[in-house]
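For reference, the structure discussed in these notes is given below.
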Amino acid sequence: MNEHSFVLRGEYVELHVLLKLLAIADSGGAAKAMVADRLVRVDGQIETRKARKLRAGSRVEVAGQTITVLAP
């Protein structure tokens with residue numbers, strides 16, 4: 001499993017945007033499809049909200065990748 005860190009530039013980042021920024025999804029549409037297909041976990045729970053606001057301390061798991069969201 002690959003580990004990534006993402007440093008926030010503001011208060012939060014939306015889930016589908018994060019997946020696209022880290023190139024886990026090829027596009028915003030692909031990121032939204034991953035969420036809709038229940039392939040993404042946030043803090044250990046399956047997440048179905050595409051625009052879920054991720055704040056510092058959130059942990060995302062998808063496609064063998066783990067992403068930790070860090071404060072600026």
### Message
Under 5 Å between amide hydrogens, which residues at least 5 positions from S58 or on another chain qualify, with H placed 1.01 Å from N in the peptide plane?
### Response
V69
### Task
Apply the Karplus parameterisation 6.51 cos²θ - 1.76 cosθ + 1.60, with θ equal to phi minus 60°, to every residue of region 28-37 and state each ³J(HN,Hα) to the nearest whole Hz, in sequence, with x for glycine and proline.
x, x, 5, 5, 5, 5, 4, 5, 4, 7
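A short reminder: the numbers here are calculations on the coordinates, not readings from a lab. Computed from a prediction, not measured in an experiment: that's the story for all the values here.
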